[in-house]
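Novice: Pasting a structure below so you can have a look.
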Amino acid sequence: MKVLKLLFLLVFIFILSNTLTFGNYNEPDASISISQDILNKFLLTIGEVKSSSTFNISGVKGEYSWIVKNPKIILSKDKARFQSEVSISLKFPPINYTTPAYGDVSIKYNPEDNKIYIKVEKVAFEVSFNILGKKIFVGEVDISKFYQISFTFPGPKPFETVSEVNMPDGSKRKIKIESIPNLIIDEGKIIVGSNINFTPLK
């Protein structure tokens with residue numbers, strides 16, 4: 001029976017030591033997590049993005065239209081990307097094709113205002129048609145301006161920079177609160193964390 005208790009105690013100490021050593025390793029004291037899904041819900045709410053235009057290149061005239069399909073922000077390890085498909089149509093002669101559109105997404109945390117900013121950078125696609133055996137390059141279209149995340153997220157910075165503790169003698173001890181931010185882009189999510197340091201003030 002004593003051997004069983006000793007074995008149980010050793011297993012408990014092993015589990016506890018591993019939890020203390022690895023469970024909090026490199027983990028921030030406070031953090032906020034933003035999922036990829038919430039960003040894509042915002043893009044979906046923007047609705048249909050499309051346009052029509054005309055061109056006149058070397059005497060070749062025409063009218064074309066394009067429509068964006070399946071816009072998404074993809075979060076992976078240390079990277080954020082925008083991707084979509086664009087369906088392009090020429091009115092006459094009738095030509096239709098689909099092309100991918102890609103672009104980078106910048107994600108920044110500003111500790112001054114404690115906000116997380118997400119911005120879709122340039123997302124361009126080429127418009128060109130083969131007409132009578134000749135390739136007509138119409139131009140490049142950048143759709144990033146239609147897919148800006150127009151809201152920011154609060155960060156994990158403490159609201160107070162100094163805390164006061166009442167002491168037994170009636171005095172107050174001031175403690176400085178300092179946060180060190182850390183932004184991580186991971187699979188399907190953005191994590192902004194802060195390590196909190198406390199320093200007594202004289």
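Novice: Taking a 32 Å limit on the Cα-Cα distance, which of the listed pairs Lys79/Lys202; Lys61/Lys145; Lys108/Lys176 fall beyond it?
Specialist: Lys79/Lys202
Novice: Against the longest alpha carbon principal axis of the chain, how many degrees, from 0 to 90 and to the nearest 10, is the axis of helix 2-18 turned?
Specialist: Long axis of 2-18 versus the principal axis of the chain: about 50 degrees.
Novice: Same structure, new question: Taking only C-alpha pairs under 8 Å that are 6+ residues apart, what is the relative contact order of the chain in percent?
Specialist: Worked out over the chain, it gives 20 percent.
Novice: To the nearest 0.05, what FRET efficiency results for Tyr102 and Glu27 with a Förster distance of 25 Å applied to their C-beta separation?
Specialist: Result of the calculation: an efficiency of 0.15.
Novice: Can you show me the helix-derived [θ] at 222 nm for the chain, built from DSSP H runs with n ≥ 4 at -39,500 (n - 2.57) apiece and divided by the number of residues, rounded to the nearest 500.
Specialist: -4500 deg cm²/dmol
Novice: Here's something else I'd like to know. Go through region 37-77 and name the trypsin sites (Lys or Arg not before Pro) that are in a DSSP coil and have 10 or fewer other Cβ atoms within 10 Å of their Cβ.
Specialist: Lys77
Novice: Separate question: Simple spin-label model, 7 Å along Cα-to-Cβ: Ser87 to Lys122 in nm?
Specialist: Modelled inter-label distance: 2.8 nm.
Novice: By the scheme Lys and Arg +1, Asp and Glu -1, what is the net charge of all other residues having a beta-carbon under 12 Å from that of Thr199?
Specialist: +3
Novice: Here is a further query. May I ask you to list the residues of region 76-119 whose amide nitrogen lies under 15 Å from a point 7 Å from Cα along the Cα→beta-carbon direction of Ile38?
Specialist: 108-109, 115-119
Where a number appears in this text, it was derived from the coordinates with a stated rule and is not lab data. Everything quoted here is computed from the prediction, not taken from an experiment. Cβ: placed from backbone, ideal geometry, glycine included. Neighbour counts: every protein chain shown.
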